[in-house]
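Visitor: What follows is a single structure, and I will ask about it in a moment.
The values are calculated or read from the model by the stated rules, or taken from the named source; none is laboratory data. Since the model is a prediction, treat every value here as computed from it, not as a measurement. Glycine also receives a Cβ, built like all others from the backbone with ideal geometry; neighbour counts cover every protein chain displayed. Ligands, DNA and RNA are excluded from the accessible area calculation, which covers all protein heavy atoms including side chains. Shrake-Rupley method; radii C 1.70, N 1.55, O 1.52, S 1.80 Å.
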Amino acid sequence: MTHQLIRHALGFIVDAGRLAIWLVLLVAIFVPLERLCAVHPARIWRKQIGVDLAWYFINSLLPAAVISVPLAFLSRALRGMDPGGLYSAWRSGRSG
């Protein structure tokens, strides 16, 4: 059980890293475009940049964390079920 928890924690860290990389790429693309084509020029580094970054990561990571808990319980509950018999019965009924 602890190995699974460590694996999921590492996956969460990898997802956060991917989000950070995407954020850097998007900033590299859209900040120059905003500077060149802005209708209402605004400062890039303002007081609320921390709030914006927090919302970026919360909106990306929190849904995955919230959904993973019920899915973990569901997978644990369905762990013993083996649908192999159902699939073979369906396949033999269609071919016969």
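Visitor: Within the bounds of region 12-23, is there any residue that is open to solvent by 100 Å² or more (accessible area, probe 1.4 Å), of a type in the set (Phe, Trp, Tyr) and closer than 30 Å to residue 72 by Cβ?
Guide: yes
Visitor: Also, I was wondering about something else. Which ones in region 24-44 are within 20 Å of residue 55 (Cα to Cα), of a type outside the set (Val, Ile, Thr) and either in contact (Cβ under 8 Å) with a residue 12 or more places away in the chain or open to solvent by 100 Å² or more (accessible area, probe 1.4 Å) (or both)?
Guide: 30, 43 - these are the residues of region 24-44 that are within 20 Å of residue 55 (Cα to Cα), of a type outside the set (Val, Ile, Thr) and either in contact (Cβ under 8 Å) with a residue 12 or more places away in the chain or open to solvent by 100 Å² or more (accessible area, probe 1.4 Å) (or both).
Visitor: Just checking, does region 31-52 include any residue being aromatic (Phe, Trp, Tyr) and assigned to a helix (DSSP H, G or I)?
Guide: no
Visitor: Here's something else I'd like to know. Out of curiosity, is residue 61 within 25 Å of residue 13 (Cα to Cα), assigned to a helix (DSSP H, G or I), modelled with pLDDT of 85 or more and open to solvent by less than 80 Å² (accessible area, probe 1.4 Å)?
Guide: no
Visitor: Here's a follow-up. Suppose the filter is surrounded by fewer than 10 Cβ atoms within 10 Å (Cβ to Cβ), at pLDDT below 85 and not hydrophobic (A, V, I, L, M, F, W, C); does residue 92 pass it?
Guide: In short, yes.
Visitor: Can we say residue 41 is modelled with pLDDT under 85, farther than 26 Å from residue 8 by Cα and not polar (S, T, N, Q)?
Guide: Judged against the criteria, residue 41 is a match.
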